[in-house]
Amino acid sequence: MAKSKLGLNGEQMTKETFDLFMAYAKDAGNWSGTPLVGGNVKTTPADLGRISHLKKSGYITTFGGTGSDKNAKYIDFTEKGKKFAATNGIIIVEFNVHRNYDLPDPTVAESVSVPVAERVQQ
């Protein structure tokens with residue numbers, strides 16, 4: 001596969017990797033900003049390699065689910081990935097509802113500000 005300069009700041013990326021990134025970016029709104037790998041976007045074994053490339057290039061990270069969702073893997077767009085999506089017309093808003101946060105103990109007497117997106121976990 002020939003690489004072309006499809007990535008942010010002229011980084012090299014195959015068309016297939018670009019297309020996969022864009023498919024997940026478009027699907028992000030259906031998953032509170034963190035789409036499920038293999039959820040709505042058909043993902044082949046070759047695509048798993050493309051996801052690894054996107055991770056190594058700093059566009060995304062992945063994280064696992066918890067509880068009954070423990071075998072799931074979700075994509076988290078980095079700031080670089082969100083910027084790249086935005087330059088291609090897609091704004092990614094993340095609510096992090098798939099993450100398991102260790103929230104502060106409410107019985108501890110200290111002032112802690114928890115962003116609204118993190119409070120959704122409760």
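Of note:
- Taken over segment 59-79, the criterion of being farther than 16 Å from ILE92 by Cα and not in a helix (DSSP H, G or I) is satisfied by PHE63, GLY64, GLY65, THR66, LYS70, ASN71, ALA72, LYS73.
- Check on TYR74, of a type in the set (Ser, Thr, Tyr), within 12 Å of the chain's Cα centre (by Cα), at pLDDT 95 or above and under 26 Å from MET13 (Cα atoms): no
- All positions within segment 2-39 that are exposed (fewer than 13 other Cβ atoms within 10 Å of the Cβ) and under 14 Å from the mean Cα position of the chain (by Cα): ASN30
- Restricting VAL37, VAL41 to residues that are modelled with pLDDT of 90 or more and touching a Pro at 6+ places or on another chain (Cβ under 8 Å) narrows the list to VAL41.
- Within segment 60-93, considering residues that are surrounded by 11 or more Cβ atoms within 10 Å (Cβ to Cβ) and among the hydroxyl-bearing types (Ser, Thr, Tyr), the one farthest from THR17 (Cα to Cα): THR66
The values are calculated or read from the model by the stated rules, or taken from the named source; none is laboratory data. These numbers come from a predicted model, not from an experiment. Please note: Cβ atoms are built from the backbone with ideal geometry, for glycine as well, and neighbour counts cover all protein chains shown.
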